[in-house]
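K.L.:
Have a look at this one.
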Amino acid sequence: NAEAPSLTKDSHIAVRTARHLYMMSLYYDKYAETTAKATFLQERNIDYAQYDWKQYSVRTDNTKQQQPIAEQQLIAEQQPIAGGSTAFRAVYDGGYHWITDVSFTTVNGLYVGFIGRNEGTIRNVVLRASYTEGGNANYYAGRNGDVEHNEVVYIGVLAGNNEANGRIENCAA
């Protein structure tokens, strides 16, 4: 197994589908160091509700939710470690394309949003949600597990926690 080369500030990683974002949420920690200087560049609108998960993914169901990118690490048993995440340090440029109809959820993570912990740059991202009759949103950012006594959970739509060096520019939700 060859190691992935470190990317530079001029490197771009194309993001085109719901599956790309979903896989980022699952594997960001593993590749955080090699992608820290790169730009994830969204090249088109992404609609979770319309994506054909069964044909283009390892998933066998159509999902409309994902865990936050840079939210938490997984141990060998694939169980989340609350608060054990690597912060997002790269650039995510949405190119003013929409990300539509997705919930950002966690069972017991401490950082909930499109990006859980941000120390990088989130720019030109537009998050949209469909609404039911009566104006109730179908999509959300939230935690499914209980919040324990003296536990702090950070929840935001674009970033659960925008940390000291983090930047959010020209975004809408």
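The values are calculated or read from the model by the stated rules, or taken from the named source; none is laboratory data. Small disclaimer: the values here were computed from a predicted structure and weren't measured. For neighbour counting, all protein chains shown are included, and Cβ atoms are generated from backbone atoms with ideal geometry for every residue, glycine included. Calculation scope for accessible area: heavy atoms of the full protein, side chains included, ligands and nucleic acids excluded. Shrake-Rupley method; radii C 1.70, N 1.55, O 1.52, S 1.80 Å.
K.L.:
Which ones in the range 11-60 are without any contact (Cβ under 8 Å) to a residue 24 or more places away in the chain and of a type in the set (Phe, Trp, Tyr)?
P.N.:
Within the range 11-60, Tyr27 is the sole residue that qualifies.
K.L.:
Output the residues belonging to the range 66-89 that are under 15 Å from the mean Cα position of the chain (by Cα) and either among the aliphatic types (A, V, I, L, M) or at pLDDT below 65 (or both). Give the derivation first.
P.N.:
The first filter runs over the range 66-89 and keeps only residues under 15 Å from the mean Cα position of the chain (by Cα), leaving 66-73, 85-89.
Across the range 66-89, the qualifying residues are Ile69, Ala70, Gln72, Gln73, Ser85, Ala87.
K.L.:
Does Tyr92 satisfy being modelled with pLDDT of 95 or more and buried (at least 17 other Cβ atoms within 10 Å of the Cβ)? Let's see the steps before the verdict.
P.N.:
Working: modelled with pLDDT of 95 or more: yes; buried (at least 17 other Cβ atoms within 10 Å of the Cβ): yes.
When the stated conditions are applied, Tyr92 passes them.
K.L.:
Go through the range 44-64 residue by residue and tally those that are in contact with a strand residue (DSSP E or B) (Cβ under 9 Å, 6 or more places away or on another chain) and either on the phi > 0 side of the Ramachandran plot or open to solvent by less than 80 Å² (accessible area, probe 1.4 Å) (or both).
P.N.:
Count: 4.
K.L.:
Residue under question is Thr121, and the condition is that it be open to solvent by less than 80 Å² (accessible area, probe 1.4 Å), modelled with pLDDT under 90 and either in contact with an Asp or Glu (Cβ under 8 Å, 6 or more places away or on another chain) or of a type in the set (Lys, Arg) (or both); does it hold?
P.N.:
Values: open to solvent by less than 80 Å² (accessible area, probe 1.4 Å): yes; modelled with pLDDT under 90: no; either in contact with an Asp or Glu (Cβ under 8 Å, 6 or more places away or on another chain) or of a type in the set (Lys, Arg) (or both): yes.
So Thr121 fails the test.
K.L.:
Follow-up. With the condition kept exactly as written, say whether any residue in the range 125-142 is open to solvent by less than 20 Å² (accessible area, probe 1.4 Å) and not in a strand (DSSP E or B). Give the steps one after another, and end with the answer.
P.N.:
Residues of the range 125-142 that are open to solvent by less than 20 Å² (accessible area, probe 1.4 Å), as a first pass: 125, 127, 142.
Filter once more, so that each one left must be not in a strand (DSSP E or B): 125.
Yes, the range 125-142 contains at least one residue that is open to solvent by less than 20 Å² (accessible area, probe 1.4 Å) and not in a strand (DSSP E or B).
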